Amino acid sequence: MFRKIYKAIKKYDNIVIARHVGVDPDAMASQIGLRDSLLATFPKKNVLAVGNGGGKFSYLGKLDHYEGDGKNTLLIVLDTPDQKRVDCNNVDQFEYRIKIDHHPFVESFCDIELVNDKSSSTCELIMEMIYKTKLKATKEIMEKLYQGLVSDTNRFMFNNTTASTFSIVSQVIKDYKLSVFELHADLYMRPLKEIRLQGYMAQNMKVTEYGVGYIKITEEVLNDFGADVASGGNLINNFNYIEEILVWLAITEDTKNNIIKINIRSRGPVINTIAEKYNGGGHKMASGAKVMTMDEAENLIQDLDDACKRYLESLE
């Protein structure tokens, strides 16, 4: 499949690389890494990585702007299981489309689709493609891909980490002489205001009967701590391994966009199918959702609590 993708890439002089809305390090790093690899391999091609909201991950690189009509252009969609979540206008306008993703399959919308939900991250898939084709890479490219992989595995603590993950990471560190300490600092350095918000979240988290831990972060709370709407989602992984909790979520008001953003994690119950009911989705143990009202958020909490109950009953 990687060779088939490589052959399609060779045919096009104009290439746009997109990913899902609500950018995260794996999505953006895979974009930047693939873009720079294609430019290193084919310096005469016009290759753009596009999307909104990349400023907070500026250490990964800068995104591009695309204003074309898709004619004679290849679109590569990364880290996105369904068309509605692609952060690029008019996906159908492009002459040819390729999808590379590690989420559970949702729908087919591209001409070539490489979907491997056993892979830790899209960055791992891009690393693999570089090794298995004639694509070129540099230390800087592999640094970005490593950061995306580490973020999506939460420093190799999530159950999407496999022997293959460790194998390719070991090879990359050896071949490109990566300094992982410095790369981790980019990913995990936090301003004091976020650490104080984390303390607030821990103090005010509520827990349901069957083990759903949740915290509602209002605009007032964000203003009190001087934090932004992404802060709750940035901190959600820090609540792993709480004995009384199976599923945990941060519910954050985004008054600028008139929505409520929800970041969900699990240590057992499958959550992505539930998130899909609330304008979201993702992985079985790590998903997101968007709702319009706190009443909808309460319904989501109830659905997650029911899932926890079923999960606990299945263990008996």
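No lab work stands behind these numbers, since they all come straight from the coordinates. Everything quoted here is computed from the prediction, not taken from an experiment. Backbone-built Cβ (ideal geometry, glycine too); neighbour counts: all protein chains shown.
The figures follow:
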| read-out | value |
| --- | --- |
| Segment Asn238-Lys134, length gained on full extension (0.36 nm per residue, minus Cα span) | 33.6 nm |
| Residue order, fewest to most surrounding Cβ atoms within 10 angstrom, among Val212, Val180 | Val180, Val212 |
| Magnitude of the charge dipole, the chain, Cβ model with Lys/Arg +1 and Asp/Glu -1, debye to 20 | 1520 debye |
| Inter-label distance for Leu312 and Met1, nm, one decimal - labels placed 7 Å from Cα along Cα-to-Cβ | 3.8 nm |
| Computed over the chain: relative contact order in percent, which uses C-alpha pairs under 8 Å that are six or more apart | 12 percent |
| Extension gain, Asp117 back to Ile195 (0.36 nm per residue minus Cα-Cα distance, nm) | 24.8 nm |
| Relative exposure of Tyr176, Tyr146, judged by other C-beta atoms within 10 Å (fewest first) | Tyr176, Tyr146 |
| Order of Leu300, Leu183 - criterion: other Cβ atoms within 10 Å of each residue's Cβ, fewest first | Leu183, Leu300 |
| Placed amide H near Tyr96: partners under 5 Å, 5+ positions off or other chain | Thr73, Leu75 |
| Model label zone, Asp228; criterion: amide N under 11 Å from point 7 Å along Cα-to-beta-carbon; scope the range 184-219 | none |
| Net charge, Asp305 excluded, C-beta distance under 12 Å - Lys, Arg +1, Asp, Glu -1 | -1 |
| Selection from Pro81, Ile112, Pro43 lying farthest towards where the dipole of the range 40-113 points positive, charges on Cβ | Pro43 |
| Out-of-range pairs (alpha-carbon distance over 28 Å; input Lys4/Lys290; Lys118/Lys139; Lys71/Lys277) | Lys4/Lys290; Lys71/Lys277 |
| Entries of Lys193/Lys216; Lys11/Lys136; Lys136/Lys177; Lys7/Lys174; Lys136/Lys284 with Cα pairs more than 26 Å apart | Lys7/Lys174; Lys136/Lys284 |
| Added length on full extension, which subtracts the Cα-Cα distance from 0.36 nm per residue, Lys44 to Lys56 | 1.3 nm |
| Rounded to 5, percent antiparallel among DSSP beta bridges of the chain | 40 percent |
